[in-house]
Amino acid sequence: MKKLNMWILAAGALLMSSCGLYQKYERPDVNTTGLIRDNVSLTDTLKASADSLTFGCLPWRSVFTDPQLQNLIQQALDNNPDMLNAALNVQMAEQQLKAARLAFLPQFTFAPSGTIASWDGNAATKTYQLPISASWNVDLFGNLLSQKRSAQVALLATRDYQVVVQTNIVAGVANMYYTLLMLDKQLEILGDMTNLTKDTWDMMKLQMDLGRVRSTGVQSAEANYYSVQTQAVDMKRQIREVENSLSLVLGQPAQTIARGKLENQSLPSQFSTGIGLQLLANRADVHAAEMQLAQCFYNVETARSRFYPSITISPTGTFTNSGGGAIVNPGKWLLSAVGSLVQPIFMRGQLTAGLKVAQAQEEQAFNTWQNAVLKAGSEVSDALVQYNSSEEKAQLEAKRLEVLEKNVEHTKLLFKNSGSSYLEVISAQQALLNSQLSKVSDEFYKMQAVVSLYNALGGGAK
């Protein structure tokens, strides 16, 4: 008889396996060929290679070496509200997983009761019951198992979200810090240009006194001087706004941010993006999207398991002195056990509809995951081309700047010798100022591209 029961259980397990129960999630095929756009146009030093160790695998302290920036990033990771909330989400997911695991254990209840009764004024009789009841859901058809596995991947997705928040904070702080350095440098340039335009204005007034320039020339020089000062005021406003935004990320009141100088920054210039498949593991948001897919897979398994019977065993042990019509002292144990099986027969299509909804949600999760993979590759490609174009523009702007600096000096000398007009002097100064500001912007965009590439490759979480 025991052998027969074993064969029945084995046959049942085989049948459930063939019906799709007890299945574990396996990653579907995803096309990562050419995920990172061909970078033939990039310079040799900037080409993305398929090394096994990607740029995004470096610890953020190895990428952002400015000590003041490192302190700001660490402060943000310790105090940022989004980071704190992400940690709390992980704790909640851990408790949900713990509850799913405990569902496999029987539930116990203890409900003592007592009665005092007297019939027609006779002596009171005292009865008591001390019952201990248990209820155990026998998970033969994988309902609890699929829910537990769903909770496991939900925890992984929540941890991924925590990494995403951390990565975004690292990149955000670095970008705002470099923005401040860029604005500081541009404000310094505007200060130098203010002095230069003031000298030009004074020179124009002197030339007017000598009768070589009309009042319109002096007015143009004066207007140019005020124009530069106006830009400086606007630059100070931008600095204050960026400081306020960065203070908010740091979880502190708006205040001045201690920082270094743009020209003292050192960022990597050699990058390896790795193979496309590595983005699936290194990008926390991509992995989180896959965990959402896995969770939907187990939700489908749970929906399937509801078509099968639920088996519950409920043993009860009661210590009581009431034995029906008689009362005995001391009490005795009354033991019983009940087994129940509930098989859904007619649920008005609810189970079928639930399964179809779960399957549709699984398809949606797959589409979301596939799009996350493509988005990751696009972001890497964008960061690479941004770095390359900013580097090329900075080199060209440096040559243009050198020419314009000579042009300003030459036009001033020519003007003093009546070889050029005041408009040429003012135009040369404006062109020089614009070129100086553009060169600083290009340097910033190149640094921003490094941050974007590091973020796009899943960096910042170490």
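The table below lists the values:
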quantity: Complete set of residues in segment 345-363 that are in contact (Cβ under 8 Å) with a residue 40 or more places away in the chain and open to solvent by 90 Å² or more (accessible area, probe 1.4 Å); calculated: none
quantity: Criterion violated by ASN89 - all others in (1) part of a strand (DSSP E or B); (2) open to solvent by less than 70 Å² (accessible area, probe 1.4 Å); (3) at pLDDT 85 or above satisfied; calculated: (1)
quantity: Only one of GLU290, GLU263 that is modelled with pLDDT of 85 or more and buried (at least 18 other Cβ atoms within 10 Å of the Cβ); calculated: GLU290
quantity: Candidates THR230, THR216 - the one that is farther than 23 Å from GLY260 by Cβ, modelled with pLDDT of 90 or more, open to solvent by 30 Å² or more (accessible area, probe 1.4 Å) and in a helix (DSSP H, G or I); calculated: THR230
quantity: Lone qualifier among LYS198, LYS185, LYS236 - being charged (D, E, K, R), over 29 Å from the mean Cα position of the chain (by Cα) and crowded, with 18+ Cβ neighbours inside 10 Å; calculated: LYS185
quantity: Cross-chain or 6+ apart pairs with Cβ under 7 Å, segment 229-246 first and under 10 Å from MET176 (Cα atoms), then surrounded by fewer than 15 Cβ atoms within 10 Å (Cβ to Cβ); calculated: GLU243/ALA254; GLU243/THR256
quantity: Segment 379-423, subset aliphatic (A, V, I, L, M), modelled with pLDDT under 85 and open to solvent by 90 Å² or more (accessible area, probe 1.4 Å), residue nearest to ARG214 (Cα to Cα); calculated: LEU423
quantity: Failed item in (1) open to solvent by 80 Å² or more (accessible area, probe 1.4 Å); (2) in contact with a strand residue (DSSP E or B) (Cβ under 8 Å, 6 or more places away or on another chain); (3) assigned to a loop (DSSP other than H, G, I, E, B), with LEU140 passing the rest; calculated: (1)
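Residue-by-condition table, conditions (1) part of a loop (DSSP other than H, G, I, E, B); (2) surrounded by 15 or more Cβ atoms within 10 Å (Cβ to Cβ); (3) modelled with pLDDT of 70 or more; (4) of a type in the set (S, T, N, Q):
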site: LEU4; (1), (2), (3), (4): no, no, no, no
site: ALA10; (1), (2), (3), (4): no, no, no, no
site: THR45; (1), (2), (3), (4): no, no, no, yes
site: LEU72; (1), (2), (3), (4): no, yes, yes, no
site: MET83; (1), (2), (3), (4): no, yes, yes, no
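The values are calculated or read from the model by the stated rules, or taken from the named source; none is laboratory data. The shown structure was predicted, so the numbers you read here are calculated from the model rather than taken from an experiment. So basically every Cβ, Gly included, is an ideal-geometry build from the backbone, and we count neighbours across all protein chains shown. To get the accessible areas, we keep the full protein, side chains included, count just its heavy atoms, and leave off ligands, DNA and RNA. Shrake-Rupley method; radii C 1.70, N 1.55, O 1.52, S 1.80 Å.
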